[in-house]
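Step one of this worksheet: look at the structure below.
The values are calculated or read from the model by the stated rules, or taken from the named source; none is laboratory data. A quick note: this is a predicted structure, and the numbers were derived from the prediction, not measured. Cβ sites come from the backbone with ideal geometry, for glycine too, and all protein chains shown count toward neighbours.
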Amino acid sequence: LLRFNLTKSISLHAGGQWMDSENLSAIRAINSKKLNGIYHQTYQTGLSFKTHQHSWSLTYFHDNDMFFDATNRNPAPTRKILNTTYSWAYHAFIFTLNVNNLLDYRYFDFNFMPASGRSYSTTISYNF
């Protein structure tokens, strides 16, 4: 993951991962095929803002090159996810709001089941 600080408070980050896999099998139909169920290309990029009391981040994920089946005949669509997080620190408390899949992109998991859409979570932390 590369991080580039634009200012004292604002930064950009980007990264990627490429995997090469090969199914070694006695079954000819799946021998030398890519392993199914994993994204072989994953990328992320984002923007972060941080001050003494506030922090906010926006991260975009782009995942590609996955197959639902071992014969690699059923490719999964590209998955594009946008997540955001905001935190506010007040004395010893930290209040956080997360929104995952902000754009409510619909995609399928490895079992070809619909994955959850947009989700929200909040946390309150206290530092002793």
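Points to keep in mind about this one:
- Identity of the residue in the stretch 33-79, among the β-branched types (Val, Ile, Thr) and in contact with a strand residue (DSSP E or B) (Cβ under 8 Å, 6 or more places away or on another chain), that ends up nearest to residue 2 (Cα to Cα): 45
- Within the set 69, 63, the sole residue that is at pLDDT below 95 and of a type in the set (Asp, Glu) turns out to be 69.
- Count - residues of the stretch 57-77 that are free of Cβ contacts under 8 Å to residues at least 24 places away in the same chain and under 12 Å from the mean Cα position of the chain (by Cα): 3
- Looking only at residues in the stretch 1-24 that are closer than 21 Å to residue 111 by Cα and polar (S, T, N, Q), the one that is surrounded by the most Cβ atoms within 10 Å (Cβ to Cβ) is 23.
- Residue 97 falls short on exactly one of the conditions (1) at pLDDT 95 or above; (2) among the aliphatic types (A, V, I, L, M); (3) surrounded by 15 or more Cβ atoms within 10 Å (Cβ to Cβ), and that condition is (3).
- Within the stretch 33-107, strands (runs of 3 or more DSSP E) holding 1 or more residues that are basic (Lys, Arg): 41-50, 79-90
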